[in-house]
Each structure stands twice: as structure tokens, then as C-alpha cells.
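Q: Encoded as C-alpha cells, here's the structure I'll be asking about.
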Amino acid sequence: MARKVGITLDDVVDAAAAIADRDGLQLVTLAKVAAALGVRSPSLYSHVDGLDGLRRQLAARAADMLAAVFARAGADGEPGPDSIRRAAVAYRQFAHGHPGLYAAMSPAPDPGADPELAAAFAEPVRVLAGLVGGSSVPSLDASTVHRIRVLRSLLHGFVSLELEGGFGLPEALDDTFELVVDSLILIAGSSPAGGPGTGG
């Protein structure tokens, strides 16, 4: 394969993301990314700090994409049930369309060890907070944080089981997902146990 010159960090992350989504995150290697770009593996070190650095870039890319997904979901209306439903559907579509990138978002980064990546991970949470009608400023109140954690837990649990083939019964998964979304909307308008009221 002819050597490709002038690659950028975006080229490296694009190639790694394509491999992750096609083959799985665990099968992303520097050698595979280099081969996809037509370069030698050492060439990648001018863009990423080894495999760990590449995984970090994939995580940041995934967080940016998910924030954009949530932003588009909320672009057509006010915060509330309709925007939550659109966000949930978009979340599921993102996970199915980019399973490797989706996997790259776990575990969440330690803010003390990597504040830049932690800030990237906070952005989709901030956007989602706005969609559920909570504060969208960087410092979220405890009530909103608890509700978002419950929403994310339900979505992630369903999507992860779905991607891993964990649902074996014949009933339609789309119908089940509708029940999940209905639960999300109900939770979004309530207070967490022991938390302050939200006025609704």
C-alpha cells in the first residue's frame, strides 16, 4: 500500500472510529489504523499518545457527537416530553449507528486526572439537562443530576442489552422502547426520592 502523507488527527480518529464501529472497540489497534491510512504505525505517534491516547480521542469524539445528537433533538421545541422523546430515540440511533464510539464512552473520565476529557463528557449531560427542563448551566443542581442519571441508566441499560442480543423473547423491541421512553418522561417531571421538589 502506498504511503499516505499529510494525515491529520481527524484522519486518525476517523479511521479508528470506522474500525471501532465496524469491528468493535477492543479490536482497534495502532497497526489497523495505520494500515487503513496507508502509513506506518510510528507515524501515528505524532498525533496520538499510543493506543491509550487514541482511545481518549475516540471517547472525546463520541462525547462531542452525542452532545450534537441531543442538541438536534431539542432544536425544534421547548424542553419537555417531546424533546425527551426525540433525545431518547436519537440516543438509541447513535448507539446503533456507532457502537464502537458508544462503547468508548465507558468508563467516564476522572475530572482530576483528565479535566479536558471530563469537560467533553459533561457537554452531552448539560444539553440533556436543558431538554428535561433542568438547569443547563455547568453547575447542575442535585435534583437534575439525579434525574439525568436515572434517564441515562434506563437508556444505556436498554441499548446495551439490545446491542448485545440480551433480549430473547419475540415481542417487538420498538414497543418495549416506547415504554422505556414513557418512563423517562414520567421521571423527568418528578423529583428523585429524598430530593427537592421541582414544582411539577
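The values are calculated or read from the model by the stated rules, or taken from the named source; none is laboratory data. Fair warning: this is a prediction, and the values are worked out from it, not measured in the lab. Every residue, glycine as well, gets a Cβ built from its backbone with ideal geometry; the counts of neighbours run over all protein chains shown. With ligands, DNA and RNA removed, areas are computed over all heavy atoms of the protein, side chains included. Shrake-Rupley method; radii C 1.70, N 1.55, O 1.52, S 1.80 Å.
Q: In degrees from 0 to 90, rounded to the nearest 10, what is the angle of the helix 81-97 Cα long axis to the longest principal axis of the chain?
A: 30
Q: So which residue, out of Leu163, Leu154, Leu54, gets the largest mean-square fluctuation from a GNM of the chain using Cα contacts under 10 Å as springs?
A: Leu163
Q: Then there is this: Do you know the relative contact order of the chain, to the nearest whole percent, from alpha carbon pairs under 8 angstrom that are 6+ apart?
A: Relative contact order here is 19 percent.
Q: I've got another one for you. Positive end of the dipole of the chain, charges at C-beta (+1 Lys, Arg; -1 Asp, Glu), about the Cα centre: which of Val181, Gly50, Leu101 has its Cα farthest in that direction?
A: In the chain, that residue is Gly50.
Q: For segment 73-178, just say rounded, prolate or oblate: build the C-alpha gyration tensor, square-root its eigenvalues into a ≥ b ≥ c, call rounded for a/c under 1.5, and beyond that prolate if a/b exceeds b/c, oblate if not.
A: oblate
Q: If I fit a long axis through the Cα atoms of helix 173-188 and take the longest principal axis of the Cα atoms of the chain, what angle between them do I get, 0 to 90°, rounded to 10?
A: Computed tilt is about 60 degrees.
Q: Something else about it: Tell me the carbon and sulfur percent of the accessible area for the chain, rounded to whole percent, probe radius 1.4 Å.
A: Carbon plus sulfur share of accessible area: 57 percent.
Q: Now a separate question. From the square roots a ≥ b ≥ c of the eigenvalues of the alpha-carbon gyration tensor of the chain, which class results: rounded (a/c under 1.5), prolate (a/b over b/c), or oblate?
A: Since a/c reaches 1.5 and a/b is larger than b/c, the shape of the chain is classed as prolate.
Q: Also: Can you give the extra length, in nm with one decimal, that the chain gains between Asp14 and Ala118 once fully stretched, where that is 0.36 nm per residue apart less the Cα-Cα distance?
A: That pair, Asp14 and Ala118, stretches by 35.3 nm at full extension.
Q: Here's another thing I want to ask about it. Just to be sure I understand the model, the point goes 7 Å from the Cα along the line to the Cβ. What's the resulting Asp52 to Phe167 distance in nm?
A: Between Asp52 and Phe167, the simple spin-label model gives 3.8 nm.
Q: From the Cα gyration tensor of segment 1-100, with a ≥ b ≥ c the square roots of its eigenvalues, which class applies: rounded if a/c is under 1.5, or else prolate if a/b is larger than b/c, or else oblate?
A: prolate
Q: Next question, about the same structure. For Glu178 paired with Arg149, estimate the spin-label separation in nm (one decimal), with each label point 7 Å from Cα along the Cα-to-Cβ line.
A: Output for this residue pair reads 3.2 nm.
Q: What angle do you read, to the nearest 10 degrees and between 0 and 90, between the alpha-carbon axis of helix 142-163 and the longest principal axis of the chain?
A: 60
Q: Hey, what's the chain come to in accessible area per residue, 1.4 Å probe, Å²?
A: Value for the chain: 53 Å² per residue.
Q: Work out how much length Ser41 to His96 would gain on full extension: take 0.36 nm times their residue separation and subtract the Cα-Cα distance, in nm to one decimal.
A: Full extension of this stretch gives 16.9 nm more.
Q: Using label points projected 7 Å from each Cα along Cα→Cβ, tell me how many nm separate Arg72 and Lys32, to one decimal.
A: In this crude spin-label approximation the distance works out to 2.5 nm.
Q: Right, next: Which of Ala60, Pro111, Val39 sits farthest toward the positive end of the charge dipole of the chain, with +1 on the Cβ of Lys and Arg and -1 on the Cβ of Asp and Glu?
A: Result: Val39, furthest along the dipole toward the positive end.
Q: What residue among Gly53, Gly97, Gly168 shows peak mean-square fluctuation when the chain is described by a Gaussian network model with Cα springs under 10 Å?
A: Comparing Gly53, Gly97, Gly168 in the GNM, the peak value goes to Gly168.
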